[in-house]
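Here the structure comes first, spelled out in structure tokens, and everything after it is commentary.
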Amino acid sequence: MFLFLAVCVVSSLFFVFHNYSFYERPIAKIIETQLIETTETVDMYNNEDQLYTQSIIAEIKNGEYKGQLISLTNEYSSSQAYDQEYRVGNELFVWIDETTVGSAEITGTIQDVKRDKYLLIVTWIFIFTLLLVGKKQGLYSIISLFVNAAILSYALDVYIKTTNISLVFICGVSVILFTVISLLLVNGRNEKTYAAIIATLICTFLLLLIAYLVMWATAEQGLRYEEMQFLTRPHQMVFMAGVLVGSLGAVMDVAITMSSSIFSLYEKNSNISVKAMKTSGMEIGKDIMGTMTNILFFAYISGSIPMMILYLNNYAPIGFTLSMNLSLELARALAGGIGIVLTIPIGLYITIYFVKVKRARR
């Protein structure tokens with residue numbers, strides 16, 4: 001299998017490094033760069049910045065002007081928040097000024113960077129790591145990941161093309177499919193998997209209900225939807241759908257951990273008492289509760305760090321900065337934390353029920 005994967009890696013990398021003809025937009029590879037101007041600027045908050053102007057010569061790699069040189073200009077700031085400096089070897093999507101074709105110098109503008117080869121390299125590293133560590137389960141994990149990504153993409157496409165279906169309902173159906181497909185593929189058809197599926201679905205929808213009730217009782221005070229201001233759909237529904245999907249992974253992880261642990265105890269000692277299983281299960285739950293909650297917190301908060309730095313760098317008050325950037329993220333993290341805490345006892349008792357059923361069949 002690894003030989004087959006090696007062939008796939010080499011062939012795909014060779015393809016992605018030579019796939020210019022498959023793109024309709026012109027692609028140019030930088031062969032020379034030169035810094036031609038530096039400008040000192042001061043913004044309204046008296047923050048000093050520098051603007052750089054870069055002259056670029058690149059070779060067009062596809063289309064009717066393939067092989068010809070194009071002259072480009074790139075302006076970027078020292079912060080490089082919305083721009084970047086380009087280097088020799090970078091490949092760019094460009095727009096060609098047709099009026100300059102046939103003259104001494106073809107000019108154009110930069111539209112975007114061609115990043116597919118870097119994305120493919122990271123993807124193959126991820127796949128090999130999963131296969132190396134997880135082997136067969138790793139392969140099933142990869143399959144479930146791609147299937148779930150396809151389901152989510154289709155679900156969002158359905159929502160965008162319709163106006164009478166709630167996003168929460170669409171994501172709810174997707175969550176059921178995510179849970180069933182992921183756990184069945186990775187853990188197989190057995191009581192352990194069934195217990196984890198039931199616990200995951202109950203706790204995920206229960207945390208959604210709790211989040212909805214809290215938002216209703218507090219009239220959503222403290223939640224700032226500014227980051228969704230460009231959406232034309234109800235902000236509350238989009239937020240709730242994000243809570244539902246975002247919490248699923250952590251809840252599923254806790255559910256399968258509880259189920260696997262209890263069934264492992266039963267398999268080692270089929271005469272173990274229900275009391276001992278409850279005690280052991282709660283101890284396991286306490287051990288993973290803190291780490292899983294922290295994982296959710298850091299996963300949500302990390303995405304807001306760049307914007308927080310931007311606000312603080314422009315002397316925005318700390319309270320305003322935290323409110324603008326962390327209100328929704330903290331709400332998602334808290335909802336997910338509630339789901340994790342609920343999954344421990346619910347998953348434990350559901351698993352014990354399946355153990356009892358299995359024991360009765362002996």
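You will find that of 88, 158, the residue that is closer than 30 Å to residue 50 by Cα and among the β-branched types (Val, Ile, Thr) is 88 and no other. Of 239, 178, all but one fail to be modelled with pLDDT of 85 or more, surrounded by 15 or more Cβ atoms within 10 Å (Cβ to Cβ) and closer than 22 Å to residue 337 by Cβ; the exception is 178.
Does residue 166 satisfy the condition of being surrounded by 12 or more Cβ atoms within 10 Å (Cβ to Cβ), small (Gly, Ala, Ser) and outside the structural domain of residue 208 (by TED's automatic domain parsing)? Against the criterion (surrounded by 12 or more Cβ atoms within 10 Å (Cβ to Cβ), small (Gly, Ala, Ser) and outside the structural domain of residue 208 (by TED's automatic domain parsing)), residue 166 does not qualify.
Please pick out the residue among 252, 215 that is in the same structural domain as residue 347 (by TED's automatic domain parsing), in a helix (DSSP H, G or I) and at pLDDT below 80. Write out each step before concluding.
Numbers: 252 fails: at pLDDT below 80.
Among 252, 215, only 215 is in the same structural domain as residue 347 (by TED's automatic domain parsing), in a helix (DSSP H, G or I) and at pLDDT below 80.
Would you confirm whether any residue within segment 308-327 is more than 24 Å from residue 238 (Cα to Cα) and among the small types (Gly, Ala, Ser)? Yes, segment 308-327 contains at least one residue that is more than 24 Å from residue 238 (Cα to Cα) and among the small types (Gly, Ala, Ser).
Taking the listed residues 207, 145, the one that is closer than 17 Å to residue 252 by Cβ, touching a helix residue (DSSP H, G or I) at 6+ places or on another chain (Cβ under 8 Å) and surrounded by 14 or more Cβ atoms within 10 Å (Cβ to Cβ) is 207, with no other qualifying. Among residues of segment 92-116 that are touching a residue at least 60 places away in the same chain (Cβ under 8 Å), those with a beta-carbon under 7 Å from a residue that is basic (Lys, Arg) at least six positions away or on a different chain give the pairs 92/114; 93/25; 93/114.
Could you run through segment 303-362 and say how many residues are outside any helix (DSSP H, G or I) and crowded, with 19+ Cβ neighbours inside 10 Å?
Step one: of segment 303-362, the residues outside any helix (DSSP H, G or I) are 303-304, 314-317, 362.
Keeping just the survivors that are crowded, with 19+ Cβ neighbours inside 10 Å gives 304.
The qualifying residues number 1.
The values are calculated or read from the model by the stated rules, or taken from the named source; none is laboratory data. Note that the structure is predicted; figures quoted are calculated from it, not measured. No Cβ is skipped: glycine too gets one built from the backbone with ideal geometry, and neighbour counts run over all protein chains shown.
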